[in-house]
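Student: Sharing a structure with you now.
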Amino acid sequence: MIHQLDAETIGQIAAGEIIERPFSVVKELVENAIDAGARRITVDVARGGIDRIDVIDDGEGIDAADLPRAVHRHATSKLAAASDLESIATLGFRGEGLASIAAVSHVEILSRTNGAPIGTRVLAYGETIGAAEPAPAPEGTRVRVERLFENVPVRREYLRSPQTEFNRISSWLSSFALGYPKVGFTLRHDGRDVWIMPPSDDERERLTMVFGRDASAGLIPLDPSVAATLDGSLRGFISAPGHDRGDRRMQMLFVNGRLLRSTLLAGAWTAGYATYAMVGRHPYGVLFLELPPDHVDPNVHPTKSDVRLRFGNQVFDAARRAIATTLQKNAAQRFGEHTLGPSVPGVSAAPPALDVSLAHVQSLFESVQGDPDDVPGHRLRVLGQLHLTYVLASDGDALLLVDQHAAHERIAYESIVQRASNGAPSEPLLVPLVVELDGAQSAALDRVAELLHEGGLDIEAFGERTYRLTATPAGYGARAFDLAGFLSDLTDDPKARDVRERIWASLACHSVTTAGERLERDEMTVLVERLQQCQNPMHCPHGRPTMVRLGPSEIARMFKRE
Ligand code: ADP
Ligand code: MG
């Protein structure tokens, strides 16, 4: 028997195509914010977006009369007639985003247009759209989505853990942000900032925020000469030979501002790098392709994650040649530097390891003479660094010999323990650290991810084997966190004392100054001061001593004065 489906069922089926998980909601709402000309977009989610998703923008807003209509299926301000479908310049166009979200969750839209005296609010759930009512609101729009899939239990079952759902959101949003460096993005999860990308005129800054410092240092701009043969433009950044990844996830592609799966041009990357990349290794980077709107048909995929190009072959060929040309020119340039370049790295004199400058001898002398506010046992003076391993300091009373690695470990360890016990906030890294892990390491990460999060360390998947470290415990001050080394340690050493303690000790160990690292004077001062504030300043978490203190009586004894 054939019968007509009711509106509610039709709504859910259509929504099912677009709204598969919390990430899909974020994508639709962020794209709407971009279409509305937002300069700042905040995505604030609770429990991976399963409980709540807020997307807040400062765009043009929706006026009171239009607001309920915005939620209706096939209601859009972006298309007027079918012929407009031939040339779509906005990210949205079907008028289905908000309707599909409302079909499977509780939606509240709060919006105020530029100059309007007050905002408007509307509630929608399923097929029911409430009346618009006046409400105070900042200029722009906030869409709040709660209780996702409450009415679609099957879909709920397919959801993964909140952390996994959150990772999907974070990795999509950070990739998307690459295409919009002038727009500021903030991502919040469960009440804390996970990362903030300030708006910037400098595209390089955004690259660094997304790829991390090391990987972005390996990026070179795409040579512009080839793109001239295209009807539109092709620019971007690709990794120089020697900088590569185990998967293709970091090959990003924007076509007319739309972030697409890179499969479209994956072959162009491979062909372009033919003789430069090792088998099984993949270059990374981002390509921005701008084509006349009527050369791109985005209306081929429900979530708009793929497009059809009218002159696909021509674009593919241009991308391949642009990549190959860039690499050739880069290689030629580097060859030139090697044969002609006068630069001789490593010749600059290394600064003395132990600072015995006059100023220092004097300052030490002053402290012995007794400066009025220099109460013995109070003011700390760093005298210098020895063997790039020990910090020499005086507290006006005794001579301190501090093992810089052990001391830093102790400080890091206590701050992690403290963070975990009182839920103190973690600190987003200004520049995330992107690391690649092998199978055993990523399996170890899966096992301890929750504990690490509890300890204030946030790591999200960014590719099959690629991860981004986005936050460390507040006050932890990681200089360079060796995530891979840390995870190998966990897999190598199964004889667990308390698992947590071991993870934290190991975490402390892999984030800190190592022996053999030159420290600046202020770094040494902070190190010794913070060590003194530790509950157990004398030993590192593994039990080795952190410092040796030679007091007046020990020194007197050494000089046979006693
Ligand atoms: P589409 O984006 O395909 O037009 P949506 O259902 O996502 O469809 O949105 C419907 C309409 O609501 C949009 O065309 C736009 O006019 C309006 N709208 C949605 N989100 C926003 C926003 N954040 N700011 C301003 N207008 C918005
Ligand atoms: Mg939309």
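Student: Once phi is turned into ³J(HN,Hα) by the Karplus curve 6.51 cos²θ - 1.76 cosθ + 1.60 with θ = phi - 60°, what whole-Hz value does each residue of region 127-144 show in order, with x for glycine and proline?
Tutor: 8, 8, 10, x, 7, 6, 10, x, 7, x, 7, x, 5, x, 9, 10, 10, 10
Student: Can I ask one more? Accessible surface of Ile34 in the full protein assembly, 1.4 angstrom probe, to the nearest 10 Å²?
Tutor: Ile34 has an accessible surface of roughly 30 Å² with all protein chains in place.
Student: Another question, if that's okay. Going from most exposed to least, what order do Tyr413, Tyr158 have by accessible area with a 1.4 Å probe? Intermediate results must be reported in sequence, preceding the final value.
Tutor: Values: Tyr413 35, Tyr158 170 Å².
Listed by decreasing accessible area, they come as Tyr158, Tyr413.
Student: I need the phi-derived Karplus couplings for region 38-45: 6.51 cos²θ - 1.76 cosθ + 1.60, θ = phi - 60°, integer Hz, Gly and Pro marked x.
Tutor: Those phi angles translate into 4, 9, 9, 10, 10, 10, 10, 10 Hz.
Student: Let's see if you can work this out: charge +1 on each Lys and Arg Cβ, -1 on each Asp and Glu Cβ, no other charges. What is the dipole magnitude of region 233-330 about its Cα centre, in debye to the nearest 20?
Tutor: Details: 13 positive and 7 negative charges, 32 e Å.
It works out to roughly 160 debye.
Student: Okay, moving on. 5 Å is the cut-off here: which amide hydrogens, built 1.01 Å from N in the peptide plane, fall below it relative to Glu96, excluding neighbours closer than 5 in sequence?
Tutor: His74
Student: Next question. For region 536-544, what does the Karplus curve 6.51 cos²θ - 1.76 cosθ + 1.60, with θ = phi - 60°, yield as ³J(HN,Hα) per residue in whole Hz, taken in order and with x for Gly and Pro?
Tutor: Values, residue by residue: 10, x, 8, 9, 6, x, 8, x, 7 Hz.
Student: Under a point-charge model restricted to the Cβ atoms of Lys and Arg (+1) and Asp and Glu (-1), what is the dipole moment magnitude of region 99-196 relative to its Cα centre, in debye to the nearest 20?
Tutor: Numbers: 12 positive and 10 negative charges, 50 e Å.
The calculation lands at about 240 debye.
Student: Solvent-accessible area per residue for region 109-149 at a 1.4 Å probe radius, Å²?
Tutor: Values: 2050 Å² over 41 residues.
On a per-residue basis, 50 Å².
Student: Also, I was wondering about something else. How would Glu133, Glu450 rank on accessible area, largest to smallest, probe 1.4 Å?
Tutor: Ranking Glu133, Glu450 by accessible area, largest first, yields Glu450, Glu133.
Student: Expressed as a fraction of 2.2 N^0.38 Å, the rule-of-thumb size for a compact globular protein of N residues, what is the C-alpha radius of gyration of region 68-167? Don't jump to the answer; show the numbers that get you there.
Tutor: Working: Rg = 15.8 Å, N = 100, 2.2 N^0.38 = 12.7 Å.
Against the empirical 2.2 N^0.38 Å value, I get 1.25 for region 68-167.
Student: Using heavy-atom solvent-accessible surface (probe 1.4 Å) with all chains present, what is the largest-first order of Arg69, Arg156?
Tutor: Working: Arg69 125, Arg156 100 Å².
Ranking Arg69, Arg156 by accessible area, largest first, yields Arg69, Arg156.
Student: Using +1 on the beta carbon of Lys and Arg, -1 on that of Asp and Glu, and nothing else charged, what's the dipole of region 160-229 about the Cα centre, debye to 20? Working shown, then result.
Tutor: Numbers: 8 positive and 9 negative charges, 52 e Å.
Using only the charged Cβ atoms, the result is roughly 260 debye.
Student: Okay, next question. For the charge dipole of region 45-86, defined by +1 on Lys and Arg C-beta atoms and -1 on Asp and Glu C-beta atoms about the Cα centroid, which residue among Ala64, Gly48, Ala80 has the Cα displaced farthest towards the positive pole?
Tutor: Gly48
Student: Separate question: Leaving out same-chain residues fewer than 8 places away, which aspartates and glutamates sit with a Cα under 20 Å from that of Lys560?
Tutor: Candidates past the 8-residue exclusion: Asp397.
Student: Could you calculate the FRET efficiency of Ile196 with Leu550 from 1/(1 + (r/R0)^6), where r is the beta carbon distance between them and R0 is 45 Å, rounded to 0.05? Before the final figure, lay out each step's value.
Tutor: Values: r = 46 Å, r/R0 = 1.02.
About 0.45, to the nearest 0.05.
The values are calculated or read from the model by the stated rules, or taken from the named source; none is laboratory data. Predicted model only: the values in this text are computed from it and were never measured. Every residue, glycine among them, receives a Cβ derived from its backbone with ideal geometry; neighbour counts consider all protein chains shown. These area figures cover heavy atoms from the full protein model, side chains too; ligands, DNA and RNA do not enter into them. Shrake-Rupley method; radii C 1.70, N 1.55, O 1.52, S 1.80 Å.
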